[in-house]
1. Within segment 55-110, considering only helices (runs of 4 or more DSSP H) that don't extend past its boundaries, which have at least 3 residues that are in contact (Cβ under 8 Å) with a residue 12 or more places away in the chain, polar (S, T, N, Q) and closer than 14 Å to W45 by Cα?
2. Among all residue pairs at least 6 apart or on different chains, which show Cβ distances below 6 Å where the first residue, located in segment 143-154, is on the phi > 0 side of the Ramachandran plot and the second is at pLDDT below 85 and among the basic types (K, R)?
3. State whether one or more residues within segment 130-140 are modelled with pLDDT under 90, exposed (fewer than 11 other Cβ atoms within 10 Å of the Cβ), aliphatic (A, V, I, L, M) and not in a loop (DSSP other than H, G, I, E, B).
Amino acid sequence: MTLLAIVVTILYHESHRLVNIQTVFFTTKITIGKNFNMEKEFITWLTAEMQLHGWNNSELARRANLVPSTVSMVLSGQNRPGLDFCVSIAQAFQEPPEKILRQAGLLPPLPGPEEDIRFRDVLEILKRLTSEERDAVLEYVMWRFQRQEAKRQPD
């Protein structure tokens, strides 16, 4: 996170004459690329989770033992979610803290096939299958996995 101090000089004019000069200092957070996207994604995810549970900001704050303004500031992007915030949110949603910390970008993503387009294709196909068909696919995948594991084990 980078903080940038910006000096703005406000000029007040009265009939084209300079009447008052006032200098205002403020800071703004500059985030670059992935961090900015992670924050936006976290806000989107958190908002969706709240809607799924039927909670508003105050209800989430109550269940997470947080001050309502803390939740509002994270949801508005004014504050980044920190460790304590994420752990409290995890308790409210009854989720592992690691899941929320990864969602907030405070832990690196788990290595896995998420980036593999084939994995997404398989998921899309599975969504279209009936429950019985998905069970059959799972049975086949488990059989293949066990077969691979047996090949890796020394005799």
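The values are calculated or read from the model by the stated rules, or taken from the named source; none is laboratory data. If you're wondering where the values come from, they're calculated on a predicted model, not measured in any experiment. Neighbour counts run over all protein chains shown; Cβ positions are idealised from the backbone, glycine included.
1. Correct list: empty, since no element meets the threshold.
2. That search, which allows pairs on different chains as well, returns nothing.
3. Within segment 130-140, not a single residue is modelled with pLDDT under 90, exposed (fewer than 11 other Cβ atoms within 10 Å of the Cβ), aliphatic (A, V, I, L, M) and not in a loop (DSSP other than H, G, I, E, B).
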